[in-house]
């Protein structure tokens, strides 16, 4: 499922993740919740793909499935690492900072102690921690510093791909900026590829070369950053962007709020998942699942899963 | 590094590296009752270890007239109904009681951690089976069950210790399982898993050390309850008749409780003070290991 192409750091094809539920449906099959449904993406080396979506849209599940699937292959494991959301629960409270950074190297079979220490020293400097902080325990650090340790840990096996699972959403805004800048500079320094999960469109716009919008386990829209933020095509993407509070938006008449029920993913889906909340929904949207296809008239790479692609596309440009 | 970035943040002077263990120790030392209890328990342990060497009277030998009150004729704690030296009985009995308490507690901690860790880590069928077994042991009347074991396999010290261990591990299993269920969901466990740690490493090196504090507290309290348990069995005459223990002294002298109450009171006090000390230490450990009470 997860593999590596010649110029891609990660290529994921037709990834689905289902959680088993209690009970059985009418046909007698076990009920399950389809958290990620047939998602495919590829990330070019040295670039960042951002996956945005609401809580529960399956974005973290998709990323973790890709990561742990790759980790199951021993050789790939060292090359894929994760930066976690919560800097308070992602560091083992019983280990000193240096040992936390050392752990992935031990599991990767890099047992040369002197070499490990050299890597640790180098990474502490790279993430902006002082050498004397190596012997401290996690609770002696602030949230931002803890996230730096988490970043150093992710870098210790010299990965080519790092999955950033909302790496700044648990931090306050000033620290967020520091960490995001750090991630960007490390990307240049170590030639990293990021899969960046976030619900914050501002962060995604700052960080990512490409954006994928996920809703209820499916990609709704996938496009290059500039193309996406200049003209989001999918009704859901627009709703997301409209929901971002800005000073101009406060002065504007309020856009129609997205309401309506979210679909029950334990039931098989017959149509577009967003149909129940979409302001433009038509009968076809209820009965036919829209496929991700190239959007017409877009400048660069821009894909869309919407039956109304053409109408909305022209409406957006008009 | 690139020039547009400023990644150094103004920070206060870093605190000195302090091992969590030191922090716990500081917290424990601040608890006066626990410190006093530790000193008392230390004295009791020293008396049990070195007492029989420094005071080599055989606890089973009839050395003087029965029911000699404490302090007369050179017998500091008097003699029992057969004229045996109470002090010698107390010192030798302490060895047995403390050893049984410690070994039985270690045994139940070992069984409990094994069950709880496997159940909490693997979930699913493993958890169902292990927790049903735990519940089976939990609903058995403990004293009755251990009496059956002793009656079946004979009243030797080993059997008594095993009997106590077998009936008292369930609490540890439940605590361990609860901690594992909580900790396995934390991101640092996922981080270790993603780094390639095996299940065994995750259980023993990552989760268990973080699950230990409540288990340590429970283990301390269990030493006390195991001593009480042994005393109960010995009182009923179900302990090894060839070794003295505090419970056994009480049990054998119980008919004379009105004529020579000191023969029952003295070992009873020994049990009381020991178990109370252990409980206070357990309480102190509980406070010291509880991060919510710790000042950061």
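State the antiparallel share, in %, of DSSP beta bridges confined to the protein assembly as shown, rounding to the nearest 5.
Of all bridge pairs located within the protein assembly as shown, approximately 60 percent are antiparallel.
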Which residue fluctuates the most in chain B, going by a Gaussian network model with Cα springs under 10 Å, if the choices are B:94, B:51, B:124?
B:124
So for R0 = 60 Å, FRET eff. of residue B:126-residue B:62 from the Cβ-Cβ r, to 0.05, ends up at 0.60
Check: C-alpha center segment B:122-196 vs C-alpha center segment A:132-176, spacing in Å is 37 Å
Which semi-axes, in whole Å and largest first, does the equivalent ellipsoid of segment B:119-163 have when worked out from the alpha carbon gyration tensor as the square roots of 5 times its eigenvalues?
29, 11, 7
So, R0 is 25 Å and r is the distance between the beta-carbons of residue A:243 and residue A:169; what FRET efficiency does that work out to, to 0.05?
0.95
Roughly how many nanometres apart are two label points built 7 Å out from the Cα toward the Cβ at residue A:262 and residue A:26?
2.6 nm
Roughly how many Å is it from the Cα centre of segment B:199-272 to that of segment A:225-239, as a whole number?
71 Å
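In percent, what relative contact order does segment B:132-286 have, based on Cα pairs under 8 Å that are 6 or more apart in sequence?
24 percent
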Of all alpha-carbon pairs in segment B:138-296, indicate the percentage at a distance above 25 angstrom.
48 percent
Run the numbers on segment A:87-164 and let me know its relative contact order in percent, using alpha-carbon pairs under 8 Å that are six or more apart.
47 percent
Among B:58-68, A:93-103, what's the highest-first ranking by average C-beta atoms within 10 angstrom per residue?
A:93-103, B:58-68
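Please compute the length gained on full extension between residue B:273 and residue B:55, using 0.36 nm multiplied by the number of residues separating them and subtracting their Cα-Cα distance.
Working it through step by step, the gained length comes to 76.3 nm.
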One would report the Cα pair-distance distribution of the protein assembly as shown, bin width 20 Å, in %, as 16, 36, 27, 15, 6, 0
Quick check: from the Cα gyration tensor, does segment A:90-158 come out rounded (a/c under 1.5), prolate or oblate?
prolate
Using alpha carbon centers only, segment A:88-122 is separated from segment A:185-220 by a whole-angstrom value of 27 Å
When the expected Rg is taken as 2.2 N^0.38 Å, what fraction or multiple of it is the alpha-carbon Rg of segment B:174-230?
1.41
Distances longer than 28 Å among the Cα atoms of chain B: what percent of all pairs is that?
51 percent
Degrees separating the helix B:208-235 axis from the principal Cα axis of chain B, which is the longest one
10 degrees
Relative to the first principal axis of the alpha-carbon coordinates of chain B, what is the inclination of helix B:262-289, with its axis defined by its Cα atoms, in degrees from 0 to 90 and to the nearest 10?
10 degrees
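Only the coordinates and a few stated rules stand behind these numbers; no lab work does. No experiment lies behind these values; they were computed from the predicted model shown. We place every Cβ from the backbone using ideal geometry, glycine too, and count neighbours over all the protein chains shown.
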